[in-house]
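Student: Below: one structure in structure tokens.
Here, each number is a calculation from the coordinates, and none is a lab measurement. Bear in mind the structure is a predicted one, so any value in this text is a computation, not a measurement. Glycine also receives a Cβ, built like all others from the backbone with ideal geometry; neighbour counts cover every protein chain displayed.
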Ligand SMILES: C[S@@+](CC[C@H](N)C(=O)[O-])C[C@H]1O[C@@H](n2cnc3c(N)ncnc32)[C@H](O)[C@@H]1O
């Protein structure tokens, strides 16, 4: 299948930067077969030829390949930051009106319309001369939907009921956005990776490009940042999705932090005084902040949010590679980590070894992962990440006794490590040690119900354990295990 798909992958990548590997490959496969059927051709090679000379069909294929998932007031805290902090700051410091705002990759319009509603609630009618909101997307079909402004209840999952009532009118089983908000967004076709026409991307004060870069590879992301940099005014601001930002710190913009939110600024004048962020570009300029090859365990004490450049190798910062791991972009992450590991004469940093061993464990390459973990523990015997991965390594090989030992060590070093309590509980439950399992699940409950955002104690490994689900599962297991104990008459006394 790969050989047949390869020319299409290249064509699409070169057109708009979308990477169609991994799970996206199935989407490509389906879209191509639907396209071939639509055009009444039997072979994909014929369809490929056809695409070159039929722009309308090419548009349809692109539309089938884009992921348009979006909803109103997605990441509401970030929108509040925009309305309450960023916009007033921009308004007070620059006289040019209107402020130009772009939603790049706007999909069916929920994002730019959310910005328009948020501005309307604060500035009312004044917003018309204060702000210009543009919104662009690669997918022309989805833009047509955006312009209509008609939405199903699915788009309202994060929208306050009062706002919905104020700004929408029922229309059959859907809701239409009121005209004054619809008219305040200018939609236009935009391929972020193409040469742009006369309209171009120019003179924006603030660009939102959320949940778009996740479909691109690192070189495309870098190109995109350069394009945004040129498109922004001197002190412009770039906002990506909350989970994308740290992984996209590529040295083009300055990364800043405000009220726990990270975003990018061009120039220095809008840097919030309280910002805790250290961006890659900053740390590259400050030699003392660059990882020192002689102090191997240095990065083991850094928080994962502090950028850790990989100076000598000229590779992206480790946090960036960590983000790739977190996003499941394992091929790229593995490639970059292998480049680190193969560098002769350079000590391997703890972060590299931990991320690599996590990927190896997920591919069930246990022995190699174990070796790397042992190396980390030689450097830092108290590394919570390494101890926990040792435990998982044992657990996944059904060596439950060893796993219990490792998880206990984690808890000894870091008593609030709820993943360690959780995995410990799982092993006890699987082995029928119900009372011990209950105790460990209760520890998870205690930690997570006190603080839903409780840290997991890990510096490098992005465990895929959603806190809400883990809390729910732990509560359920405690109930079931208690019931089992009372039925068997055990556990009393
Ligand atoms: C998941 S949606 C994100 C929508 C919205 N920004 C949000 O965060 O809710 C991603 C959008 O990016 C668009 N997109 C993908 N590649 C693009 C490109 N090269 N240029 C412009 N838009 C693109 C897709 O068509 C899709 O509508």
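Student: Could you tell me how many degrees, from 0 to 90 and to the nearest 10, lie between the Cα long axis of helix 350-362 and the main elongation axis, the longest principal axis, of the Cα atoms of the chain?
Tutor: That works out to roughly 90 degrees.
Student: Let me ask something additional. Run the simple label-point estimate for residue 230 and residue 169 please: 7 Å along Cα→C-beta, distance reported in nm.
Tutor: Computed distance between label sites residue 230 and residue 169 equals 4.4 nm.
Student: Provide the percentage of antiparallel DSSP beta bridges, counting only those with both residues in the chain; round to the nearest 5.
Tutor: If we restrict to bridges inside the chain, about 40 percent are antiparallel.
Student: Using every alpha carbon pair in the stretch 76-265, what percent of pairs falls into each 5 Å bin from 0 up to the bin containing the largest distance?
Tutor: 1, 7, 17, 20, 21, 17, 11, 5, 1, 0
Student: Which whole-number percentage describes the relative contact order of the stretch 382-493, with Cα contacts under 8 Å and a sequence gap of 6 or more?
Tutor: Computed value for the stretch 382-493: 23 percent relative contact order.
Student: Here is a follow-up. In deg cm²/dmol and to the nearest 500, what is the mean residue ellipticity at 222 nm of the chain if only DSSP H runs of at least 4 residues count, each as -39500 (n - 2.57), divided by the residue total?
Tutor: Result for the chain: -15500 deg cm²/dmol, rounded to the nearest 500.
Student: Follow-up. Enter the angle in degrees (range 0 to 90, nearest 10) between the Cα long axis of helix 366-379 and the first principal axis of the Cα atoms of the chain, meaning the one along which they spread out most.
Tutor: Relative to the chain, helix 366-379 is tipped by roughly 80 degrees.
Student: A follow-up question, please. Got the relative contact order for the chain handy, in percent, Cα pairs under 8 Å and 6 or more residues apart?
Tutor: Relative contact order here is 8 percent.
Student: Subtracting the Cα-Cα distance from 0.36 nm times the residue separation, let me have the gained length for residue 223 to residue 450 in nm, one decimal.
Tutor: Stretched fully, the residue 223-residue 450 segment lengthens by 77.4 nm.
Student: Also: Arrange the following residues from fewest to most other Cβ atoms within 10 Å of their Cβ: 62, 133.
Tutor: The most exposed by this proxy come first: 62, 133.
Student: Extending each Cα 7 Å along its Cβ direction at residue 176 and residue 157, get the distance between those two points in nm, one decimal.
Tutor: 2.7
Student: Where does the chain land on Rg/Rh, using Cα atoms and the Kirkwood Rh?
Tutor: Taking Rh as the inverse mean 1/r over Cα pairs, Rg/Rh reads 1.00.
Student: Let me ask something else about it. For helix 400-413, what angle does its Cα long axis make with the longest principal axis of the chain, in degrees from 0 to 90 and rounded to 10?
Tutor: 70
Student: Taking the Cβ-Cβ separation of residue 374 and residue 408 as r and a Förster radius of 22 Å, what is the calculated FRET efficiency to the nearest 0.05?
Tutor: 0.75
Student: Roughly how far apart, in whole Å, are the Cα centres of the stretch 149-190 and the stretch 414-493?
Tutor: 42
Student: Here's another thing I want to ask about it. By average Cβ neighbour count within 10 Å, what is the ranking of 242-249, 188-195 from highest down?
Tutor: Descending mean neighbour count gives 242-249, 188-195.
Student: Right, another one. Label residue 4 and residue 37 with points 7 Å out from Cα along Cα→Cβ: what is the distance between them in nm?
Tutor: In this crude label model, residue 4 to residue 37 measures out at 1.4 nm.
Student: Okay, moving on. Can you give the FRET efficiency for residue 435 and residue 56, using 1/(1 + (r/R0)^6), R0 = 51 Å, r = Cβ-Cβ distance, to the nearest 0.05?
Tutor: Efficiency for this residue pair is about 0.15.
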